[in-house]
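To keep things clear, I will list the structure first and then write my remarks on it.
The values are calculated or read from the model by the stated rules, or taken from the named source; none is laboratory data. Every value quoted in this text rests on a predicted model; they were computed, and no experiment measured them. Quick reminder, even Gly has a Cβ in these numbers, built from the backbone with ideal geometry, and neighbours come from all protein chains shown. Only protein heavy atoms, including side chains, enter the accessible area calculation; ligands, DNA and RNA are left aside. Shrake-Rupley method; radii C 1.70, N 1.55, O 1.52, S 1.80 Å.
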Amino acid sequence: MSERRLRMGIAGLGRAFTLMLPTLVADRRVQLVAAADPRAEATQRFAADFGTPIYDKVEAVCADPNVEVVYVATSHEHHAAHVAMATSHGKHVLVEKPMAITLTECGQMIAAAERARVCLIVGHSHSFDRPILRAREIIAGGAVGAVRMINAQYYTDFLYRPRRPEELVTERGGGVVFSQGAHQIDIVRLLGGGLVRSVRALTGAWDPNRPTEGAFAALLSFDDGAFASLLYSGYAHFDSDEICGGIGELGAAKDASQYGSARRNLRRAANADQEAALKNARNYGGADYAKQHSAATPSIGGTDDARWHQHFGWILVSCERADLRPLPTGVMVYGDDEARLDPLPRPQVPRAEVIDELYDAIVHGHAPLHDGKWAMATLEACLAVLQSAREQREITLTHQVAVPS
Ligand SMILES: NC(=O)c1ccc[n+]([C@@H]2O[C@H](COP(=O)([O-])OP(=O)(O)OC[C@H]3O[C@@H](n4cnc5c(N)ncnc54)[C@H](O)[C@@H]3O)[C@@H](O)[C@H]2O)c1
């Protein structure tokens, strides 16, 4: 175990932070040293849990001399401004996906990090999941031959989880293309080598009460001739976790009694304010969160020994000499003569792969995979999904970067 710990300050103690907290608490390479959020219930809980300074403004976290890396977990619209604040104070940055909502913002964020000579990593996205990284290693090893085709599908109730109003407005980064495409496209790019040549897509906005895209279908072609078919529904009643071994996105066994709970819960909100309050209630510091994680609960955020790796639905990679299927337990390799599981041990720390990359970049100077240029290329493909659907034509991409060999 290394002695060096990254002194991390948090910008935004909402859903994303709540999901990263088990990692940040369990991974000894990170020390939480400050946080900012306008929600007093969240900052007060942070001060009680970690005994650190708390702020209501992101600028103050960035200016705190004890902070060396800022985790920007505010909404997409704020990413560019908050990354600029962090880099202007010379801090390294981990910023949530999607990197931003325009390519111009991405360019500004990359330039700011370069000027300040700090690391910029974009995540968590599910392309950090160990089974995806293992599938990529198998491909890079050469035994299965070149990737020819990828199929990725995910059916969830994403659109019916409680949302802030702007999460239902596409122009402000709302809808599943920005929030969920950022995971699915990132995975497909990683498995396919990174260089997407073109995108043809259709989107669905089927619920007038939630007037943003809740579904998409996209066909991606890669420079080397490979292609990928992606399907995402956030309107689903079917749950893809059923075909992922009954294991949920966060790696824990799915509780069948929770069927329909997102829609049931949402019926409690009579208007947008009540819905935003529902969202905050289940996040760090909120009333529902407090019920599950009392001060006496040792594992803040809910780590346990029964988890497998996280996932983002059904994925099959057709290679020249085998098909690969990443699973929460490893990677199934379907060859000519046998089908075998390339097994992975249970994760000790969920999402440790994010800290691996952050730590290696900051402490050892290794170039990260999920840097600004990588994430900008994924955003370019997300934007192309929206544009292709709008204009009913194929969109050619120009900002793509390859997976480093
Ligand atoms: N990787 C993942 O699994 C994952 C999961 C959820 C969200 N996300 C990403 O995280 C980002 C935030 O989404 P969310 O769902 O957590 O939203 P959220 O509303 O739950 O959290 C945002 C938090 O930021 C705070 N905030 C708002 N304005 C602020 C400001 N000016 N300064 C400081 N704090 C401020 C809010 O009070 C809130 O607590 C999005 O980009 C989203 O895509 C990632």
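What pairs can you find where one residue is in region 45-57 and hydroxyl-bearing (S, T, Y), the other is open to solvent by 60 Å² or more (accessible area, probe 1.4 Å), and their Cβ atoms are less than 9 Å apart, with a gap of 6+ or different chains?
So the pair list comes out as T52/N66.
List the residue pairs whose Cβ atoms are under 9 Å apart, where the first residue sits in region 391-405 and is modelled with pLDDT under 95, the second is open to solvent by less than 80 Å² (accessible area, probe 1.4 Å) and aliphatic (A, V, I, L, M), and the two are 6 or more positions apart or on different chains.
Pairs found: P404/L369; S405/A140.
Would a scan of region 135-150 turn up a residue that is over 20 Å from D224 (Cα atoms), touching a residue at least 40 places away in the same chain (Cβ under 8 Å) and either surrounded by 20 or more Cβ atoms within 10 Å (Cβ to Cβ) or among the acidic types (D, E) (or both)?
Step one: list which residues in region 135-150 are over 20 Å from D224 (Cα atoms), which gives none.
There is no residue in region 135-150 that is over 20 Å from D224 (Cα atoms), touching a residue at least 40 places away in the same chain (Cβ under 8 Å) and either surrounded by 20 or more Cβ atoms within 10 Å (Cβ to Cβ) or among the acidic types (D, E) (or both).
Please identify the pairs in which a residue from region 69-94 that is in contact (Cβ under 8 Å) with a residue 12 or more places away in the chain has its Cβ atom under 9 Å from the Cβ atom of a residue that is of a type in the set (K, R) and within 12 Å of the ligand (Cβ to nearest atom), counting only partners at least 6 apart or on another chain.
From region 69-94, the pairs are A73/R15; S75/R164; S75/R172; H76/K97; H76/R172; E77/R172.
Looking only at region 210-234, how many residues end up being in contact with a Ser or Thr (Cβ under 9 Å, 6 or more places away or on another chain) and either under 23 Å from A269 (Cβ atoms) or open to solvent by 30 Å² or more (accessible area, probe 1.4 Å) (or both)?
Number of matching residues: 10.
Would you be able to say whether some residue in region 328-350 is of a type in the set (S, T, Y) and more than 27 Å from V95 (Cα to Cα)?
Yes; the residues of region 328-350 include at least one that is of a type in the set (S, T, Y) and more than 27 Å from V95 (Cα to Cα).
Looking at region 105-119 only, could you name the residues that are more than 14 Å from T378 (Cβ to Cβ) and touching a residue at least 40 places away in the same chain (Cβ under 8 Å)?
G107, A113, C119 - these are the residues of region 105-119 that are more than 14 Å from T378 (Cβ to Cβ) and touching a residue at least 40 places away in the same chain (Cβ under 8 Å).
State the number of residues belonging to region 114-124 that are aliphatic (A, V, I, L, M) and either assigned to a strand (DSSP E or B) or crowded, with 22+ Cβ neighbours inside 10 Å (or both). Show your work before the answer.
Of all residues in region 114-124, those aliphatic (A, V, I, L, M) come to 116, 118, 120-122.
With either assigned to a strand (DSSP E or B) or crowded, with 22+ Cβ neighbours inside 10 Å (or both) added as a condition, the list becomes 120-122.
So the count comes out to 3.
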